[in-house]
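Some notes on the structure that comes next.
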Amino acid sequence: MLEQLWHRLLAPFLDALRYSTLTGYTWQEPRLLLLLPLVPLLFVVRWALAYRRRARLGVAFVGGRVRQDWSALLRFVPDIVLALSLMFGLVALARPQRTDERVVQTGEGIDLLLVLDVSGSMELGDLRPNRLEAAKRVAREFVDSRAGDRVGLVVFAGDAYSLAPLTTDYDLLRDELRNLRLGMIANDGTAIGSALGVATNRLRASRSRTKVCILLSDGENTAGSLDPLTAAQLAHAYGLKIYTIGLGRDGTVPFGTDPAGRTRYVETRLDETTMRQIAQAGEGQFFRATDNAGLRQVFRRINQYEKSEIKQTRFRNTKDYYRIYLGWSVLLWLVWLGLKNTFLTNALED
C-alpha cells in the first residue's frame with residue numbers, strides 16, 4: 001500500500017520539484033515566476049503589521065522568565081502550508097510545458113561528386129595560401145551548404161582515386177577534404193580523363209534523377225590512358241552533368257622561394273579549350289577562377305544551379321505539466337483550511 005502511494009503521489013511530486021525538471025520546461029507565462037519571492041515577503045509584511053497592531057497588557061501572570069518550547073513554532077505551520085499552496089499555484093499558472101519536435105524530410109536530394117586535382121602544380125601561390133588549400137576551403141563551404149544530398153570525393157594527379165563514396169555524412173567529407181595534401185598520389189601529373197572515368201564509375205549506379213560532377217583542375221591532361229573528351233561523353237551517357245572549374249592564372253605565377261628566400265616564379269597554362277569541351281559534353285558549364293574570391297563565387301553559382309527538392313515538415317507535440325502543481329496547490333489549500341480549525345492557529349491573532 002505504501003509502495004503504491006509512493007509511486008502514484010510522492011515520487012512524481014519529488015521529481016517535479018527537481019531543479020533539472022524545472023529547468024527542462026518551457027514556460028508559457030514565465031513572468032509569473034517572478035512573483036514567487038513575493039509570497040514569503042507577503043507573510044513577513046502580514047506578521048509585521050499584526051505585531052504593530054497587537055494590543056499589549058502590562059500584567060504578568062507568571063514569575064520569572066517564560067520557558068521557550070519548540071512546540072511554539074507549530075503556530076507557523078498553517079502559514080507555511082498556505083505559502084506553499086500559493087507558490088504551487090503560481091507555478092501552475094506559469095504553464096510549464098515540454099515540446100517534442102519531429103522533422104520529416106520529403107523529396108529527393110541529388111548525387112554530387114567533387115573531383116579535385118592534387119597534382120604538384122596545385123602548390124602555386126596565385127591563390128592564397130596556394131591553389132590546393134584555397135580549393136579545399138571553398139569545397140568545405142560548399143559541402144556545408146548542402147542538405148539532404150549525397151556528396152562524394154575523387155582526387156587525382158597522375159592517377160585517380162575515389163576518396164569518399166556518395167554519402168550524407170558531411171563530417172566524414174569535411175575530414176577527408178581537410179586531410180588532402182600535395183604528394184598524396186605518388187604518380188604526379190594531371191589525369192583528367194582518368195578522374196572522369198572514376199567519377200562515372202561512382203555515379204553510374206546512382207538512382208538519383210540528378211547526378212552532378214564538379215571537376216576542378218589547374219592544368220592540361222598530361223597523364224592517364226583515357227581521353228578527357230571521351231570520358232566526358234561516356235559520363236554524359238550515364239546521365240552525369242559536368243561542371244568544370246579552371247583554377248589559377250596563365251603565365252608567370254609565384255611558386256615558393258629559392259634558397260636565398262626570394263620568391264620563385266614559374267610558367268603555367270590551363271587547357272581552357274578542353275575544359276570547355278568537357279563541360280559542353282556534360283551539358284554543364286565552364287568557370288574560370290583566378291583568385292580566392294572568384295573561386296568562392298563559382299561554387300556559389302553552382303550551388304544555386306543545383307538545388308535539391310527537399311521539403312521539411314515539422315510536427316510539434318506540446319504537453320502541459322501544470323496539473324501536478326495545481327493539484328498540490330489545491331491539496332495544500334485544503335490542508336490549510338483544516339489547520340485553521342485546530343490548536344495550531346491562534347484565534348486571538350486572527
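Values in this text are rule-based calculations from the coordinates and carry no lab data. None of these values were measured; they are calculated from a predicted model. Virtual Cβ from ideal backbone geometry, glycine too; neighbours counted across all protein chains shown.
Fewest to most neighbouring Cβ within 10 Å: what's the order for 295, 215, 234, 326? Please list the in-between numbers first.
Working: 295 24, 215 29, 234 19, 326 15.
Going from sparsest to densest Cβ surroundings: 326, 234, 295, 215.
Within straight-line reach of residue 241, meaning a Cα separation under 21 Å, sit the following lysines at least 8 residues removed in sequence or on another chain: 211, 307.
Sort 288, 296 so the one with the fewest other Cβ atoms within 10 Å of its own Cβ comes first.
On the way: 288 18, 296 15.
Neighbour counts put them in this order, fewest first: 296, 288.
Counting only residues at least eight positions apart within a chain, or on another chain, the aspartates and glutamates with an alpha carbon under 19 Å from that of residue 319 are 15, 29, 100, 101.
Average projection, convex hull of the Cα set of region 110-307: 10.2 square nanometres. Rounded to the nearest 20, the Cβ-based charge dipole of region 110-307 about its Cα centre (Lys and Arg +1, Asp and Glu -1) stands at 640 debye. Treating r as the C-beta distance of residue 260 and residue 187 and R0 as 45 Å, the FRET efficiency rounds to 0.90. The local environment of residue 24, defined by Cβ-Cβ distances under 10 Å, has a net charge of +2 under the rule Lys, Arg +1 and Asp, Glu -1.
Here r is the Cβ-Cβ distance between residue 29 and residue 74 and R0 is 25 Å; the resulting FRET efficiency, rounded to 0.05, is 0.10.
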